[in-house]
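The values are calculated or read from the model by the stated rules, or taken from the named source; none is laboratory data. Because the structure is predicted, anything quoted here is derived from the model rather than measured. Every residue, glycine among them, receives a Cβ derived from its backbone with ideal geometry; neighbour counts consider all protein chains shown.
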Amino acid sequence: MPLPQDIRPVFQDIQDTLIRSDASWIERSPLDKVKVLWIGRETGTWASLHHWKRGYAAPPHKHLGGAHVWIVSGKLQVRDGTLNAGDYVYEPSGVLHDATTALEDTTYLFIATGPVLFFDENGFTRYTNWEVMEKLRASAEGLAKAAE
């Protein structure tokens, strides 16, 4: 029996994202690297896998959308608590952080539903959103192709 309407996707390119386990890490500093797993242009959501070396500290920041964090391995100091391997935390929109520090080499999954604003005592220093993550991913992909 045929369907009563055409349900084929209009934007086929927004689905079926696949990142293989051997995908390269994108080094942002000697202590901080990331794999961009998925970009949801239509929602402003993104998923990324982060690996921080012991001692790395993300600067103070504010979440402008909710964020899911699952610690794959290692240990993070977040506000006045510690997240260990296997721990999950949901950060609601509006949450403020002091620096978040890797107490040991740590890998974690991060799923953000909106931008993150970074700041210091003088004001905002930078932000991250799905567009920033997409530019980072595309830049790293371009560099990898140029090296071939």
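Being free of Cβ contacts under 8 Å to residues at least 40 places away in the same chain, touching a strand residue (DSSP E or B) at 6+ places or on another chain (Cβ under 7 Å) and hydroxyl-bearing (Ser, Thr, Tyr) narrows it down to one residue among SER93, SER21; which is it? Quick ask: steps written out before the conclusion?
Values: SER21 fails: touching a strand residue (DSSP E or B) at 6+ places or on another chain (Cβ under 7 Å).
The match here is SER93.
Can you find, within the range 123-145, the residue that is modelled with the lowest pLDDT among those that are buried (at least 16 other Cβ atoms within 10 Å of the Cβ) and farther than 13 Å from ARG41 by Cβ?
ALA140
Output the number of residues of the range 119-138 satisfying the condition of being touching a residue at least 60 places away in the same chain (Cβ under 8 Å) and either out of contact with any Pro (no Cβ under 9 Å at 6 or more places or on another chain) or part of a strand (DSSP E or B) (or both).
Residues that pass the stated criteria total 7.
Which condition breaks for SER93 when tested against (1) in a strand (DSSP E or B); (2) in contact with a Ser or Thr (Cβ under 9 Å, 6 or more places away or on another chain); (3) closer than 20 Å to PRO115 by Cα?
The single condition SER93 does not satisfy is (1).
Just the residues that are surrounded by fewer than 17 Cβ atoms within 10 Å (Cβ to Cβ) and under 19 Å from ALA102 (Cα atoms), please, taken from the range 30-61.
Within the range 30-61, PRO30, LEU31, LYS53, ARG54, GLY55, ALA57, PRO59, PRO60 qualify.
Any idea how many residues of the range 4-45 are at pLDDT 85 or above, on the phi > 0 side of the Ramachandran plot and out of contact with any helix residue (DSSP H, G or I) (no Cβ under 6 Å at 6 or more places or on another chain)?
Qualifying residue count for the region: 0.
Kindly list the number of the only condition in (1) among the polar types (S, T, N, Q); (2) surrounded by 15 or more Cβ atoms within 10 Å (Cβ to Cβ); (3) assigned to a loop (DSSP other than H, G, I, E, B) that fails for GLN77.
Going through the list (1) among the polar types (S, T, N, Q); (2) surrounded by 15 or more Cβ atoms within 10 Å (Cβ to Cβ); (3) assigned to a loop (DSSP other than H, G, I, E, B), GLN77 breaks only (3).
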